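*Asks:* Got a structure for you, written out below as structure tokens; questions coming shortly.
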There are 2 protein chains.
Amino acid sequence: MTTLKNDRFIRALLRQPVDMTPVWMMRQAGRYLPEYKATRKKAGSFLDLCKNPELACEVTMQPLERFELDAAILFSDILTIPDAMGLGLYFAEGEGPNFKNPVQSPAAVDKLFVPDMEQELGYVMDAVRTIRKELDGRVPLIGFSGSPWTLATYMVEGSGSKDFAKVKGMLYDDPASMHKLLDVTAQAVTQYLNAQIAAGAQAVMIFDTWGGALTTRDYKSFSLNYMQQIISGLTREYEGQKIPVVIFSKGGCQWLEDQANSGADALGLDWTIDIGLARKRVGDKVALQGNMDPTVLYASPERIREEVADILKSYGHGTGHVFNLGHGIHQHVNPEHAGAFVDAVHELSKPYHK
Amino acid sequence: MTTLKNDRFIRALLRQPVDMTPVWMMRQAGRYLPEYKATRKKAGSFLDLCKNPELACEVTMQPLERFELDAAILFSDILTIPDAMGLGLYFAEGEGPNFKNPVQSPAAVDKLFVPDMEQELGYVMDAVRTIRKELDGRVPLIGFSGSPWTLATYMVEGSGSKDFAKVKGMLYDDPASMHKLLDVTAQAVTQYLNAQIAAGAQAVMIFDTWGGALTTRDYKSFSLNYMQQIISGLTREYEGQKIPVVIFSKGGCQWLEDQANSGADALGLDWTIDIGLARKRVGDKVALQGNMDPTVLYASPERIREEVADILKSYGHGTGHVFNLGHGIHQHVNPEHAGAFVDAVHELSKPYHK
């Protein structure tokens, strides 16, 4: 066990005192960095990069070389699990993800299985181990997965979708098949995150990118329900260290109270909600992670500082806040602006932790 | 003045007793109807159709011939105002709207002006007059506009956008220009809706499609604020008849209480919120319009009936509810399913109005 040199991120998630608010950025290893683009080019395709542990480690480390980030996040894709289930993930040039074999019938649902984590998904665990070694305790490493519902949207649609016609068609017309799909996927996600923890992930996050596309009733039944199932099956302590769990339903801020009862340690927030109000709503149950509008990074460093100051003020004094963007950093952002953001969080947050 | 043969829609918006819940569908005149596609083909482009009052009337009437709808809505585009400001609206084949001259500098903002409603936008008023004549009091006619913020997103981006980088860049870095743009646009929308009312619109709706992309602070300041400004300038009674006003911020259900204080008679709801909870939150201040997930129309007529029943039950007894989808009807929906939806609302809602 390496002792963490900077455990601010873990402490804030567990609502333990910190000296300043920890910060990281969703998609911090990404196309806004020229060095990422160079590694990506070297790797070949996006999937080649995900499946190469050495290069996945290289891009994971890149933002840490530039910015004083308080956490690293495994570089991977959210669709590795359905790919390992045999759906055939591929990315057409300039397009989002696609599956060769989408799941569009009860028979196709019946064929789904929980893949072997060290066989079909061994490249992910290798990446985790490689990154942990490279980090050498500098900051914690976050493991992650898509939520079952979010994975289901791609598995059934076969690609990204604007209106979710097929996956919601199954949800509304054949809820039994949809539940079966989500159940096997939730089992797979549980094993996947536990394998990441065993390989070295020190916190895990479940990205529910499309939970906000559901009705309130269906969010609870088809999305949150399966995240709860996962959380209840996760390794929450590993080699004497607590492993915090974060869930993030984008567009889901109307359901914060339900999320706070899910067993997660922390909730991700998109930028639409005032974080002070969110804190009032969840009380002491969970920590909060977020929530600056990522487009603020297009504004001047001065304006970025103002926005950071506003969010810190809204959250107020005390721990339980991990600063982040409300969604992934955009590819056209100037890296210097990302640096101004990270520095502003550290500098301006100190008075709130005295 | 023609007396309305069916005033259920107006009465529900004003929270007066009705015999059954009125229903209409956003985008009810649209591509899911083969007769719409035929008229569109006859017209030429989408814009040619919008600018031809006879054909705009023809497509407005088409869904009323098929379904027992309780309201007609003017067939037009939300971007007519910026087009009349000289931005040069066009639709490339298979694409969304584009502007030849997007507003991307303070100088471009300064050039914006309130167009003459009977000159540059006379074709819209002609369509309203033509449709009113054709309706002959059968059901009320809804006029509409995009909200200033929603218009601004297209005016600044020059097209649809996924991340609103340019328009939010202006909002964050040069809020004075953004307010100037929104102010002149709000003046134009006010005159535009008043001209529609003078031409015969019996209710008006403001579509704030992209309000939900803003932070809570900015939604109030850059979107709701300008809708309030418009509402305070609208003709609320015309030839002895009250003209109800509906506002609809998609993705904006966390701000319902603020919307209810805007002066609007009714709020549109997307499908993510439970309508019973929304009713509790707004009390007797406003009526509610919505909110079935449009993708339910891909399910079987039996499933559609179940969903209608659930929403009616959640809203509960009494008036103040206009049934609708939570967003526009999708182009691949079977028209018979739309019919099943409309019939289910009428049939299943009667017990709630006894």
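*Asks:* Scan A:288, A:297, A:267 and give me the residue that is touching a residue at least 12 places away in the same chain (Cβ under 8 Å), in contact with a Lys or Arg (Cβ under 7 Å, 6 or more places away or on another chain) and hydrophobic (A, V, I, L, M, F, W, C). Spell out how you get there, then give the answer.
*Replies:* On the way: A:297 fails: in contact with a Lys or Arg (Cβ under 7 Å, 6 or more places away or on another chain); A:267 fails: in contact with a Lys or Arg (Cβ under 7 Å, 6 or more places away or on another chain).
Exactly one residue qualifies, and that residue is A:288.
*Asks:* Scanning for something touching a helix residue (DSSP H, G or I) at 6+ places or on another chain (Cβ under 9 Å), away from chain A (no Cβ under 14 Å) and among the hydroxyl-bearing types (Ser, Thr, Tyr), does segment B:124-138 turn up at least one residue? Outline the logic, then answer.
*Replies:* The first filter runs over segment B:124-138 and keeps only residues touching a helix residue (DSSP H, G or I) at 6+ places or on another chain (Cβ under 9 Å), leaving B:124-135, B:138.
Cutting the leftovers down to away from chain A (no Cβ under 14 Å) gives us B:124-135, B:138.
Subset that is among the hydroxyl-bearing types (Ser, Thr, Tyr): B:130.
Yes - at least one qualifying residue is present in segment B:124-138.
*Asks:* Sticking with this structure for a sec: Could you check segment B:89-103 and list, in sequence order, the residues that are under 12 Å from residue B:159 (Cβ atoms) and not acidic (Asp, Glu)? Spell out the reasoning first.
*Replies:* Taking segment B:89-103 as the starting set, the residues that turn out to be under 12 Å from residue B:159 (Cβ atoms) are B:89-92, B:95-100, B:102.
Correct list: B:89, B:90, B:91, B:92, B:96, B:97, B:98, B:99, B:100, B:102.
*Asks:* Of all residues in segment A:305-314, which are crowded, with 24+ Cβ neighbours inside 10 Å and within 12 Å of another protein chain (Cβ to nearest Cβ)? Please lay out each step first, then the result.
*Replies:* Start the filter on segment A:305-314 by keeping residues that are crowded, with 24+ Cβ neighbours inside 10 Å, which leaves A:308, A:311.
Once the filter is applied, which keeps residues that are crowded, with 24+ Cβ neighbours inside 10 Å and within 12 Å of another protein chain (Cβ to nearest Cβ), segment A:305-314 yields only A:311.
*Asks:* Another question about this same structure. Taking the options A:56, A:84, A:127, A:43, name whichever one is out of contact with any strand residue (DSSP E or B) (no Cβ under 8 Å at 6 or more places or on another chain) and within 30 Å of residue A:176 (Cα to Cα).
*Replies:* Every option except A:84 fails the conditions.
*Asks:* With the checklist (1) surrounded by fewer than 21 Cβ atoms within 10 Å (Cβ to Cβ); (2) at the interface with chain A (Cβ under 10 Å from one of its Cβ atoms); (3) under 22 Å from residue A:270 (Cβ atoms) in hand, flag the one item residue B:302 doesn't pass.
*Replies:* Status for residue B:302: all satisfied but (3).
*Asks:* Further, regarding this structure: Cβ-Cβ distance below 7 Å, separation of 6 or more or different chains: which pairs start in segment A:171-192 with a residue that is of a type in the set (A, V, I, L, M) and end on one that is in a helix (DSSP H, G or I) and surrounded by fewer than 21 Cβ atoms within 10 Å (Cβ to Cβ)?
*Replies:* From residues that are of a type in the set (A, V, I, L, M), the pairs are A:186/A:229.
*Asks:* Check off (1) touching a strand residue (DSSP E or B) at 6+ places or on another chain (Cβ under 6 Å); (2) over 28 Å from residue A:17 (Cβ atoms) for residue A:297 and give me the number that stays unchecked.
*Replies:* Condition not satisfied by residue A:297: (1).
*Asks:* Restricting attention to segment A:246-260, which residues are crowded, with 23+ Cβ neighbours inside 10 Å and under 15 Å from the mean Cα position of the chain (by Cα)?
*Replies:* Of everything in segment A:246-260, those that are crowded, with 23+ Cβ neighbours inside 10 Å and under 15 Å from the mean Cα position of the chain (by Cα) turn out to be A:246, A:247, A:248, A:249, A:252.
*Asks:* Scan segment B:283-299 residue by residue and report those that are crowded, with 20+ Cβ neighbours inside 10 Å and more than 10 Å from chain A (Cβ to nearest Cβ).
*Replies:* First pass over segment B:283-299, keeping only residues crowded, with 20+ Cβ neighbours inside 10 Å: B:286-299.
Hits for segment B:283-299 are B:286, B:287, B:288, B:289, B:290.
*Asks:* I would also like to ask the following. Based on what the data block shows, is residue B:134 part of a loop (DSSP other than H, G, I, E, B) and at negative phi? Talk me through it step by step, then tell me what you get.
*Replies:* Working: part of a loop (DSSP other than H, G, I, E, B): no; at negative phi: yes.
Against the criterion (part of a loop (DSSP other than H, G, I, E, B) and at negative phi), residue B:134 does not qualify.
*Asks:* Would you check if there is a residue in segment B:315-322 being within 14 Å of residue B:345 (Cβ to Cβ), touching a strand residue (DSSP E or B) at 6+ places or on another chain (Cβ under 7 Å) and within 12 Å of chain A (Cβ to nearest Cβ)?
*Replies:* Looking through segment B:315-322, none of the residues is within 14 Å of residue B:345 (Cβ to Cβ), touching a strand residue (DSSP E or B) at 6+ places or on another chain (Cβ under 7 Å) and within 12 Å of chain A (Cβ to nearest Cβ).
*Asks:* Check A:326, A:339, A:318 and return the single one that is small (Gly, Ala, Ser) and surrounded by fewer than 16 Cβ atoms within 10 Å (Cβ to Cβ). Steps first, answer last, please.
*Replies:* Values: A:326 fails: surrounded by fewer than 16 Cβ atoms within 10 Å (Cβ to Cβ); A:339 fails: surrounded by fewer than 16 Cβ atoms within 10 Å (Cβ to Cβ).
Just one listed residue meets the conditions, A:318.
*Asks:* Related question: Do any residues in segment A:242-253 that are among the polar types (S, T, N, Q) have Cβ atoms under 8 Å from those of residues that are surrounded by fewer than 24 Cβ atoms within 10 Å (Cβ to Cβ), where the two are at least six apart or on different chains, and which pairs are they?
*Replies:* A:249/A:212; A:249/A:255
*Asks:* Sticking with this one: What are the residues in segment A:312-337 that are within 22 Å of residue A:65 (Cα to Cα) and out of contact with any Lys or Arg (no Cβ under 8 Å at 6 or more places or on another chain), if any?
*Replies:* A:322, A:323, A:324, A:325, A:330, A:332, A:333, A:334, A:336, A:337
*Asks:* Report, by residue number, each residue of segment A:210-235 that is among the hydroxyl-bearing types (Ser, Thr, Tyr) and either more than 30 Å from residue A:134 (Cα to Cα) or touching a Gly at 6+ places or on another chain (Cβ under 7 Å) (or both).
*Replies:* Of the residues in segment A:210-235, the ones among the hydroxyl-bearing types (Ser, Thr, Tyr) are A:215-216, A:219, A:221, A:223, A:226, A:232, A:235.
A:215, A:216, A:219, A:221, A:223, A:226, A:232, listed by residue number.
*Asks:* Quick one: in segment A:261-281, of everything that is crowded, with 20+ Cβ neighbours inside 10 Å and among the small types (Gly, Ala, Ser), which residue is nearest to residue B:216 (Cα to Cα)?
*Replies:* That would be A:278.
*Asks:* Considering A:92, A:71, A:107, which residue is over 18 Å from residue A:331 (Cα atoms), surrounded by 21 or more Cβ atoms within 10 Å (Cβ to Cβ) and small (Gly, Ala, Ser)? Walk me through how you get there before you give the answer.
*Replies:* Working: A:92 fails: surrounded by 21 or more Cβ atoms within 10 Å (Cβ to Cβ); A:107 fails: surrounded by 21 or more Cβ atoms within 10 Å (Cβ to Cβ).
Going through A:92, A:71, A:107 in turn, the sole match is A:71.
*Asks:* Residue A:77: touching a residue at least 12 places away in the same chain (Cβ under 8 Å) and closer than 23 Å to residue A:25 by Cα, yes or no?
*Replies:* Numbers: touching a residue at least 12 places away in the same chain (Cβ under 8 Å): yes; closer than 23 Å to residue A:25 by Cα: yes.
Spelling it out, residue A:77 is indeed touching a residue at least 12 places away in the same chain (Cβ under 8 Å) and closer than 23 Å to residue A:25 by Cα.
*Asks:* Out of segment A:74-88, which residues are surrounded by fewer than 20 Cβ atoms within 10 Å (Cβ to Cβ) and under 25 Å from residue A:197 (Cα atoms)? Show your work before the answer.
*Replies:* Kept after step one, since they are surrounded by fewer than 20 Cβ atoms within 10 Å (Cβ to Cβ), are these residues of segment A:74-88: A:77-78, A:86, A:88.
Hits for segment A:74-88 are A:77, A:78, A:86.
Any read-out appearing in this document is the output of simple, stated calculations on the displayed coordinates, not a laboratory observation. Keep in mind the model is a prediction, meaning the values are calculated, not measured. When we count neighbours, we look across all protein chains shown, and the Cβ atoms used for this are built from the backbone with ideal geometry, even at glycine.
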